[in-house]
Amino acid sequence: MASRMPIALSVLTGFLGAGKTTLLNRLLKDPSLAGTAVIVNEFGEISLDHLLVERASDGIIELGDGCLCCTVRGALVDTLSAVAERGGTLRRVIVETTGLADPLPVLQAIMAHPALSHLYRIESVVTVVDAVNGAATLTAHEEARRQVAVADRLVLTKSDLADAGARQDLVRALRALNGEAPLLDAQAPETVSAALLAATGRDRGTDPASGHDEDGHEHHHLHDHAHETAFQTVSLRHDRPLPRATVENFLDLLATQQGDRILRIKGLVETVEDPAHPMVIQGAQRLLHRPEFLESWPDGDRGTRIVVIGHALDTTYVERIFAAFAGQAAVDTPDRAALEQNPLSVPGARF
């Protein structure tokens, strides 16, 4: 039997009332999202959200009375297996989580499953944030902070209903939790096209509160914000191709040493073996998804770029072991060969 391309899978998340279903309905009007199945998870005895999703996709599947991160995770696995068996024109699955869900168990359920890890390619996590209530929600709810921290893209809704000061406060809170993800306004053209769900390269977003692009002077980590110490993001870059085995050894060691502190790992890698096709990295805590390869680079920026998002993460350790594996070891730091033989040679290693 000829092998089939993995099905792209995106997670659409956001706290209660953020506007996930409204955004989803707008997305499904894009003709390029034909062949998309939607899995809607609700929490409560009465399920309504699946009735509100327009029937413009390949099918709406409801997972009710439970949260994807706990009681219905097994049902999600079964549903994803059944959806993949449809074959035909199915190219993508969007999982819309309940507003109380942590997205990480959704990713972990796929990565840990021997069949699903081959059937699906994790593409992106999109988090929707309410501009009116978002700042208060982030302060009050850990689930909302985790939804923001692991996002590939952040979509701000109800911006027209929030005053400028409230928007600025919310943007500062979001940037303290996640300084990497593009921040988009829900009314922007790119939020209603398939590009919103695409695997992230070095794409750029616009800060809807400041109007500056993500690489501009207004994009920075805010060290005086209350959320700043809750989550850390480490951005790792290398401008030349790396052997695939080197990258895999780095990820294995990182998961072993810091897995209990890691929320998510994501990245694009230019490998020595196949530099024309970027290798996509996805991981959650100690679980690493089977590497996938894109048909081409999403932009002209090659090399390796990996983002590690964590809670109480030892950022110095992460940076040092990556430097060692990438052949950039500093003075008094072991090189890759020494590190592979003895990971305790870098301060921070734990068993």
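The values are calculated or read from the model by the stated rules, or taken from the named source; none is laboratory data. From a predicted model like this one, the values you see are computed outputs, not experimental measurements. Neighbour counts run over all protein chains shown; Cβ positions are idealised from the backbone, glycine included. Heads up: the accessible areas ignore ligands, DNA and RNA and are worked out on the full protein's heavy atoms, side chains in. Shrake-Rupley method; radii C 1.70, N 1.55, O 1.52, S 1.80 Å.
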* Is it true that some residue in the range 157-168 is among the β-branched types (Val, Ile, Thr) and surrounded by fewer than 24 Cβ atoms within 10 Å (Cβ to Cβ)? -> no
* Structure fact -> The residue from SER57, SER32 that alone is polar (S, T, N, Q), out of contact with any Pro (no Cβ under 7 Å at 6 or more places or on another chain) and at pLDDT below 85 is SER57
* Asked: Has the range 334-346 got any residue that is assigned to a loop (DSSP other than H, G, I, E, B), open to solvent by less than 70 Å² (accessible area, probe 1.4 Å), at positive phi and at pLDDT below 85?
  -> no
* Scan of the range 278-315 for residues that are in a strand (DSSP E or B), open to solvent by less than 10 Å² (accessible area, probe 1.4 Å), more than 21 Å from ALA149 (Cα to Cα) and not aliphatic (A, V, I, L, M), ordered by number -> THR304
* Structure fact -> Within the range 103-126, residues touching a helix residue (DSSP H, G or I) at 6+ places or on another chain (Cβ under 7 Å), in a loop (DSSP other than H, G, I, E, B) and surrounded by fewer than 20 Cβ atoms within 10 Å (Cβ to Cβ) come out as HIS113, ALA115
* Take the range 239-252 and flag every residue that is surrounded by fewer than 20 Cβ atoms within 10 Å (Cβ to Cβ) and under 21 Å from the mean Cα position of the chain (by Cα). => GLU248, ASP252
